[in-house]
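Enquirer: Before I ask anything, let me first share the structure, which is written out below as structure tokens.
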Amino acid sequence: MYIHLQPLHPLGHEPGESLTAALKREFLEETGIEVKVIKNVGMADFMLPWTWNNYEFVHHIAAFYLVEKVGGNLKNPQQFEGQDSLNAMWVSKDEASMNDASPLILKAFRWMEEEVLSPDVEVYEEWEIKD
């Protein structure tokens, strides 16, 4: 999805699966870590330019959850062509910027500092997907 950028993983829902069930399953599949959902910390609403399938903008509505590790060990995700997290890596807040991270990452770091997510939509007119 965000080629060569650090994204927060979008959930792939299974039929009939809740957000929190998908979150736990995807966390385990992608990282090897089993988590317990502590609470929903809010929603983020943003739009950015995205030329794909006859669309010019994408409108993201993201749910953020606070989780706690309850088991497992960190693993590297399986790499395959076209994977949205190809070459994913752990980054610190100081390393992340609009040049190498998605708006979701930046919102997550902002929440970690302020524990607030704005209810207003943020529009990133100049954001671009890097190849």
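Enquirer: Which ordering of ILE38, ILE105, ILE33 is given by a fewest-first count of other beta-carbon atoms within 10 Å?
Expert: Listing ILE38, ILE105, ILE33 from fewest to most nearby Cβ atoms yields ILE38, ILE33, ILE105.
Enquirer: Stokes-Einstein diffusion coefficient for region 19-123 at 37 °C in a medium of 0.692 mPa s, Rh from the Kirkwood formula over Cα pairs: what value in µm²/s? If you can, show how the numbers build up before the last one.
Expert: Working: Rh = 15.6 Å.
Answer from the Stokes-Einstein relation: 210 µm²/s.
Enquirer: Sort VAL121, VAL35 so that the residue with the fewest other Cβ atoms within 10 Å of its own Cβ comes first and the one with the most comes last. Please report the intermediate quantities before stating the final value.
Expert: Details: VAL121 12, VAL35 20.
Lowest to highest Cβ neighbour count: VAL121, VAL35.
Enquirer: For LYS75, which lysines qualify as cross-link partners when the Cα separation must be under 22 Å and same-chain residues fewer than eight apart are set aside?
Expert: Leaving aside lysines fewer than 8 places away in the same chain, those within reach of LYS75 are LYS24, LYS36, LYS93.
Just so you know, all these numbers are worked out from the coordinates, no wet-lab data involved. Not measured: the values here are computed from a predicted model. Glycine gets a Cβ as well: all are built from the backbone with ideal geometry, and neighbour counts include every protein chain shown.
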